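Written below as structure tokens is the structure these notes are about.
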Amino acid sequence: MRALTLNEVPSAPAVAEVDAPTPGAGELLVKVAASSVNGFDLSVTSGRLEGMMEHRFPLVLGMDFAGTVEAVGEGVDGFAAGEAVFGVAMKPFLGGGALAEYVTVSAGYGVAHIPAGLDVKDASALGLAGTAAANSVEAAAPQKGETVLVSGATGGVGALAVQLAAARGARVIATARPGTEADFVTGLTDADVTVVDYSADLDAQVRAVAPEGIDVVLHLAGDASQLVGLLREGGRIASTLGLTQETVKTGGVTVHPIMADPNPKTLTTLAALAADGELRVPVTATFSLEQAPEAFAAFRTGTLGKITVTCP
Ligand SMILES: NC(=O)c1ccc[n+]([C@@H]2O[C@H](COP(=O)([O-])OP(=O)(O)OC[C@H]3O[C@@H](n4cnc5c(N)ncnc54)[C@H](OP(=O)(O)O)[C@@H]3O)[C@@H](O)[C@H]2O)c1
């Protein structure tokens, strides 16, 4: 099969011919229709995860997938060949990724059915980013009327988190540079979103909107200590970037470190919201599998929202 691969790290990924995987007990073989690019994939190519996880070469990249069940392994319940599924290819090693024509995934974790009304390309952009967004919003739990600053609102996680926070009735402040980025963020939801330019004086802009301090920060980009400084006493910060309670010196602030947990319940909830039109999946660019290296290059330069990669 064709796949986006690495033969060593760090190195530039290339599309190559590799053996297709076969499903083991409890696994699904998925014929991938689309995948999407995440920061995690770039971390793998950069060699940053060496020594932290086993790397199996040729290493097939890619976490997110959407497609059709091609075959099921022994003992699989709840899925059958021909069904449309999506999710995150979670494995205890790096190498069996989803930027490929086929991927094997555990039937019990990281996969859910694609409901009617959800486009397969949108489904492929929802797994990791959607889960990270949902987990962040649930952990910090903004209440109706509270103020939430989404730092990194222009990215895949942020664009979904803005919508999930607004849907809870929170007042959303979102980071974006003026122009296209700001328009993208305000176009995500019908709710009012206040845009602040992170490349200018962020503190002044946020204080102008919330002089009493903000209730919740979703830390998806930017300087954590600056963001913590914008919280009111008793505020909460959810971080996908490794911030922990121990590293925050300011008292009276609760830190929620987020490790995305793509369990079937969360994936199913996200898919239902997207299928019902209550969550817009922010796909802004699509490449073919043969062009996947270009998709990575585009992601690196800061494309808005999600970049998807479609398979033949
Ligand atoms: N812990 C987990 O389980 C988990 C799961 C998913 C993602 N993550 C991490 O969470 C982060 C967000 O993920 P993502 O997929 O949304 O990444 P992304 O698509 O790269 O988005 C990051 C966004 O942040 C913006 N940005 C850069 N510097 C900023 C600043 N100082 N203030 C505000 N915004 C800034 C970028 O805009 P420009 O393009 O203008 O630079 C970009 O739009 C990534 O670091 C990712 O690796 C962690």
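Values quoted throughout were computed directly from the atomic coordinates according to the rules given, and no laboratory measurement underlies them. These figures come from a predicted structure and were not determined experimentally. When we count neighbours, we look across all protein chains shown, and the Cβ atoms used for this are built from the backbone with ideal geometry, even at glycine.
Below are the figures for this structure:
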{"quantity": "Hits in the stretch 254-280 (condition: surrounded by 20 or more Cβ atoms within 10 Å (Cβ to Cβ) and touching a strand residue (DSSP E or B) at 6+ places or on another chain (Cβ under 7 Å))", "calculated": "VAL255, HIS256, ILE258, PRO262, LEU267, ALA271"}
{"quantity": "Number of the condition not met by ASP41 [criteria: (1) under 14 Å from the mean Cα position of the chain (by Cα); (2) in a strand (DSSP E or B)]", "calculated": "(2)"}
{"quantity": "The stretch 39-80 - residue that is surrounded by 21 or more Cβ atoms within 10 Å (Cβ to Cβ) and among the acidic types (Asp, Glu) and, of those, nearest to ALA295 (Cα to Cα)", "calculated": "ASP41"}
{"quantity": "Those residues of the stretch 232-280 which are within 16 Å of the ligand (Cβ to nearest atom) and of a type in the set (A, V, I, L, M), in sequence order", "calculated": "ILE237, ALA238, LEU241, LEU243, VAL255, ILE258, MET259, ALA260, LEU267, LEU270, LEU279"}
{"quantity": "Residues being in a loop (DSSP other than H, G, I, E, B), buried (at least 18 other Cβ atoms within 10 Å of the Cβ) and more than 16 Å from the ligand (Cβ to nearest atom) - total across the stretch 19-38", "calculated": "2"}
{"quantity": "Whichever residue in the stretch 281-312 is within 14 Å of the ligand (Cβ to nearest atom) and among the charged types (D, E, K, R) and, among such residues, is nearest to GLY179 (Cα to Cα)", "calculated": "LYS306"}
